[in-house]
1. If I model a spin label as a point 7 Å beyond the Cα along the Cα-Cβ vector, how far apart are those points for residue 149 and residue 172 in nm?
2. Give the separation of the Cα centroids, region 94-139 to region 291-330, in Å.
3. Under a 5 Å amide H to amide H cut-off, with H placed in plane at 1.01 Å, what residues pair with residue 180 once short-range neighbours are removed?
4. If Lys and Arg each add +1 and Asp and Glu each add -1, what is the summed charge of the other residues whose beta carbon sits under 9 Å from the beta carbon of residue 212?
5. Simple spin-label model, 7 Å along Cα-to-Cβ: residue 305 to residue 277 in nm?
6. In nanometres, what is the gap between the two model label sites at residue 130 and residue 227, each 7 Å from Cα along Cα-to-Cβ?
7. Using only the Cα atoms of region 59-120, build the gyration tensor, take square roots of its eigenvalues as a ≥ b ≥ c, and label the shape rounded, prolate or oblate: rounded if a/c is under 1.5, else prolate if a/b is larger than b/c, else oblate.
8. Divide the volume of the convex hull of the Cα atoms of region 271-330 by its number of residues and quote the answer in cubic angstrom per residue.
Amino acid sequence: MPFNAVSRRRSLAALALLGALIPALPGRAAPASPPPAKAVSAGDVVKSAPASDWTAIPPQDLLVMALAPDAKGRSRQVVIQLIPAPFSQGWVGNLRKLAAAHWWDGLSVYRVQDNWVAQWGDGDNEDKAKAKPLPAGLAKVGESQYTVAAPTQENLFNAVATADQSRWLFDAYAPHTGFDHGWPVGLDKGRTWPTHCYATVGVARDLSPDTGSGAELYAVIGQPPRQLDRNIAVVGRVIEGIEHLSSLPRAPGNGVYKDAADRTPIISVRLASELPADQQPHVEYLSTQSASFARYADLRAHRHDDFLKVAATGADICAIPVPIRHHPAS
């Protein structure tokens, strides 16, 4: 009888069945099952984001603060990205003048309050006899500048823009939140404002109507103090070296060191554009208008990976930090 295709298929099926019934021989492992596919994480999305999804931060928009070396003699550098227009530009203009005048050189981090802020500037600013004179030409900025007109939808990644996002981006301090050109913001009634998240840099001030000049600054080193939104000017964020501020010894009460010897000296503060080219940081952020950021933000809000047993169903704006990296070519 000729061996036709039907007979061949029957023979192959019989052999397959036989192989399934015969146990593996001693010393020979059974064929391994393919490993389960690894869940894609938010970090995976950031690593795979194309170069076109990243936005370079100009050196003129970076403040580089050099603190005195630590107890082991290691250098400490803090890099701050200044917030772009239209936010807080009166105060940002003052920061540029203060940096150009090298005003912070020789001053200190004089306040570190646990779960609150690290603050720097002139620790003797309340003593008129000891206070360091401010450079001329600093602007006095009004409280109305804490908010600006809300951006157009095409410039905003936010909970209002798409129904898909609105189901998971929640907030207790603003009716709506989102990202405007790389910065977390709150929105209400046609106005928008930058939010206080971890590593946010703000302008210390006295009681209202004082709004501060920008000479005294703080960085958030604890739970995001969102109650400060629209009450204090946000002028930037620490994008590198926050550990040099968050690891400083805490002082009791409001965090101001009673002994000046406990302060951390500031060697210098410069706009990066003033530094030699080989000392300028080359950093970029993941554009919040990119498809990569949308996917990243969704995964931050709905983390499904091998570590978590119970996945989150949403996030607040500070739980989605904008990714920052050194430029690959630097």
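1. Each label point lies 7 Å from its Cα, and together they span 3.4 nm.
2. Region 94-139 and region 291-330 have Cα centres spaced 35 Å from each other.
3. Residues meeting the amide H criterion: 185.
4. Value of the local net charge: -2.
5. It is 3.9 nm.
6. 3.0
7. It comes out prolate by the Cα gyration axes.
8. Measuring per residue, one finds 131 Å³ for the Cα hull of region 271-330.
Values quoted throughout were computed directly from the atomic coordinates according to the rules given, and no laboratory measurement underlies them. Just so it is clear, the model here is predicted, and its values are computed rather than measured. Glycine also receives a Cβ, built like all others from the backbone with ideal geometry; neighbour counts cover every protein chain displayed.
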